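FYI, it's all coordinate maths here, none of it is from the lab. All values derive from a computational prediction rather than experimental measurement. Ideal geometry is used to build each Cβ from the backbone, glycine not excepted, and the neighbour counts take in all protein chains shown.
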Amino acid sequence: MTNDLNIQPWRRTSLFRKLQVLLAIVVPLPLVMLIALLAGLDLTMSFITIFVPVQLLAAGAVGYFSYGRRGVGDAALIVITTFLSMFVLILLFSVLWSVVSEGFKALSPQFIYQNNKYVEPTTSLEYGGVGHAILGTLLLVLLTTIVAVPLGFAMAIYLTQSQSKARNMVRTFTQAISGLPSVVSGLFILAIIEATGIGRSGITGAMALFPLMLPTVARVAEESLKLVPVDLRYAALALGSPNYRAFFRVILPAAKTGLLTAVLLGLARIVGETAPLILTLNPNSSTNLNPFDGGLMALPTYVYNYLASYYDTSQARAWGASLVLLVLVAILFGSARIIGRQKSSKSKGKK
Amino acid sequence: MKKKVAELENSGRRKLASGPLSRGDKWFFRSTSIAAYFSFFLVALILAFLFNQALPVLQSQGMGFILGSEWLPEKEPMVLQLAPMLWGSLVIAFIGVTIATPMSISLAYLIQFMLPKRLAKIATTLVDLLAALPSVILGLWGLIVFTPVAAGWGEILNRYLGFIPIFAVEDTENAFRSSPWIAGWIVAVMIVPIITSVSREIFSQIDRDLINGALALGGSKLSTFRRVILPTASSGVIGGVLLGLGRALGETVAIFYVLNLTMKINWYKLLESEGGAVASWILARFGEASPAEKQGLMAAGLVLFVITLLVNFLANVIVNRAQPWRKNA
């Protein structure tokens, strides 16, 4: 074999070589599955122990025929990175698939709107649902958003609009808060409860979510404000506008969608938080919309509570609530994506 | 200032003034800087409240709190010691990082250098979706779906590599499930998105000329990856790994489901069904804790917070240094 592809990499690859590559990609998988089936081996294990070496061998051989020795290393790189990445995606799809398939078993209209007032762990799935938990989650998230979003935006404004020297420090501390373990956030509010004697209610739950949402909102908002060309601001200032007007009339409209994305990503961050809510909320199986008094159930704590008991119906409820929660996250996340994409395509059009 | 401005305006000369002039601007900057300083305030507040609650326990237990391994809240005087949980957290975070790092670097490389643009976008979305999965869902999945699978992997590791101390088990009947090994995997799934997104960001900022130059000099893809891309990106990737480590140390609910928490230090036996994690321990004990024990849990939270704070500070310093273009532009 000559290594003419090394000498003249621009040459067209011959059909024969393309065929080789195709074979190296397609053949190993069925081959290994056949071997595993015939020998009666465990499929996932044989995938790792047999498939990867076989695939490496096949790709390495093709690489060697086409490029000589260096082709072997490249083939190994491609096979290993692809394999490891696929592994992550398989894990992700396994999570999604099990939540969707198991969750659907529990799902029914009354599961969405009923609460769990008279439900025992063994009550059949025809009664009771997550209605109160959905409302509770929405209430908590709303309360947190009302405080965290303006504050996060103000931080982002400070980081992008002012010339203060303290900006790097502020940024560092915001990043430090974003690494705050969620359970510590719950403990913090618990410490406040113990120190001041206020009762556990929806407000304390929202307070525990607040330190988790704030840094996400601030960071994403900062990124989106940074995307606004600084010339726009300078132009407004040069025309004699004060800074605050330049911000509200020029920069804010330009960064609107980005700021919306910041809110949505912040929501997606806290909607599934469990540990802080377990520490700061009293569970409640009936609907409660008063954030200042009484227990409150959120979707994550609902999952947590029902998973604690090992009855089949309880687990089914946990899966069902997980599915509802996942849908909620997906809606938030998806709309953040769509809005983000609109923005980027628009800015491309402008250029 | 106002006077000065009026003076300048009256004199007919124009001069550059630094700092806000109008009242509106002053309020604008004042209110935003108050919000910004709130971040210092919040960190201080968290530390102060936790410390306030934790102080009695820290005083009565002394260094034993983080070095000893007994948790006897009923005993007189109370003994609260955290070492097995602290060590367990470190072990699990370490397993998680070890598993997640190669996967994340592969994913970042795949997205940045191998996939066509459209597929790369889809892959990025999927990774971000993985980051958005609530940990309680991962815990549920880990407990019911993943535990049997990973326990099977553990069994195979034990059968063929059991001579290595970390894969050894004493009793194959009661091992594998609820082990640090499985908790490490769950944590790995959680931190893959963090390390991936940081690595990808760093990869995307590497000068393309550098890579093309290496290829033009006759380098292969592998040698370019090993000799050019990895060294250039290494500090950023390490920062990303540390960010993941910080997250892994603080993971609570998912580990709570998949790990058997025991107050006995499991030094290195990854496949035994005993381990620890500070955050999960807080959750596990909280329900039936007496007020005094709750203070012990606050102290545990304080220790956890200080550790994650240090790890995160270090990580952010490294990541920021690796991305000088992110500084105040």
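Taking every eigenvalue of the Cα gyration tensor of the range A:131-350, multiplying by 5 and rooting it, what semi-axes result, largest first, whole Å? The partial results should precede the final answer.
Working: eigenvalues 275, 83, 36 Å².
Largest first, the range A:131-350 gives 37, 20, 13 Å.
Starting with the fewest neighbours, write out B:Ser135, B:Ser290, A:Ser309 ranked by other beta-carbon atoms found within 10 Å of each beta-carbon. Intermediate results must be reported in sequence, preceding the final value.
Values: B:Ser135 24, B:Ser290 11, A:Ser309 14.
With the fewest neighbours first, B:Ser135, B:Ser290, A:Ser309 line up as B:Ser290, A:Ser309, B:Ser135.
What FRET efficiency comes out for B:Leu119 versus B:Leu314 if R0 is 30 angstrom and r is the Cβ-Cβ distance? Round to the nearest 0.05. Walk me through the numbers on the way to the answer.
Values: r = 35 Å, r/R0 = 1.15.
So, using R0 = 30 Å, E works out to roughly 0.30.
Along the Cα→Cβ direction, 7 angstrom out, place labels at A:Ala39 and A:Leu227. What is the inter-label distance in nm?
The answer from the label model is 5.1 nm.
With a/c under 1.5 counting as rounded, go ahead and sort chain B into rounded, prolate or oblate using the C-alpha gyration tensor (a ≥ b ≥ c being the square roots of the eigenvalues; past the cut-off, prolate if a/b is larger than b/c, else oblate). Walk me through the intermediate numbers first.
Numbers: a/c = 2.77, a/b = 1.26, b/c = 2.19.
Here chain B falls in the oblate category.
Order of A:Asp293, B:Asp25, B:Asp171 from fewest to most other C-beta atoms within 10 Å? If you can, show how the numbers build up before the last one.
Values: A:Asp293 11, B:Asp25 18, B:Asp171 8.
Taking fewest neighbouring Cβ atoms as first place, the list is B:Asp171, A:Asp293, B:Asp25.
What ³J(HN,Hα) values, in whole Hz, does the Karplus curve 6.51 cos²θ - 1.76 cosθ + 1.60 give for the range B:191-198 when θ = phi - 60°, with x put for Gly and Pro?
So the J values, rounded to whole Hz, are 9, 3, x, 5, 5, 4, 5, 5.
Roughly what angle does helix A:312-350 make with the longest principal axis of chain A, taking Cα atoms, 0 to 90 degrees, to the nearest 10?
80 degrees
What are the ³J(HN,Hα) couplings of the range A:27-33, residue after residue, when phi is run through the Karplus curve with 6.51, -1.76, 1.60 and θ = phi - 60°? Round to Hz, x for glycine and proline.
Result, ordered by residue: 5, x, 4, x, 4, 5, 5 Hz.
Report the calculated FRET efficiency for A:Ile90 and A:Arg249 (r = Cβ-Cβ distance, R0 = 45 Å), to the nearest 0.05.
On the way: r = 50 Å, r/R0 = 1.10.
According to the calculation, E is roughly 0.35.
Mind checking the mean number of beta-carbon atoms from other chains within 10 Å of the Cβ atoms in B:283-295?
Numbers: counts 7, 0, 0, 7, 3, 0, 0, 0, 1, 0, 0, 5, 2.
The per-residue average across the peptide is 2.
Tell me which residues come under 5 Å, amide H to amide H, from B:Trp71 once H is placed; ignore anything under 5 positions away on its chain.
B:Gln81
Is the protein assembly as shown best put as rounded, prolate or oblate by its Cα gyration tensor, with a ≥ b ≥ c the root eigenvalues, rounded for a/c under 1.5, and otherwise prolate when a/b is larger than b/c, oblate when not? Don't skip to the end; give the middle numbers.
Numbers: a/c = 1.70, a/b = 1.08, b/c = 1.57.
Note, shape of the protein assembly as shown comes out oblate.
Taking θ as phi - 60°, what are the ³J(HN,Hα) couplings along the range B:93-107 by the Karplus curve (6.51, -1.76, 1.60), each to the nearest whole Hz, with x for Gly and Pro?
Once rounded to whole Hz, the list reads 4, 5, 4, x, 5, 4, 6, 6, 4, x, 4, 5, 5, 4, 4.
Once both labels are modelled 7 Å past Cα along the beta-carbon direction, what's the B:Ser290-A:Gln163 spacing in nm?
Placing both labels 7 Å along Cα→Cβ, they lie 6.2 nm apart.
Would you mind ranking B:Lys294, A:Lys226 by Cβ crowding within 10 Å, fewest neighbours first? Each step should come with its number before you reach the end.
Working: B:Lys294 21, A:Lys226 17.
The fewest-first ordering by Cβ neighbours comes to A:Lys226, B:Lys294.
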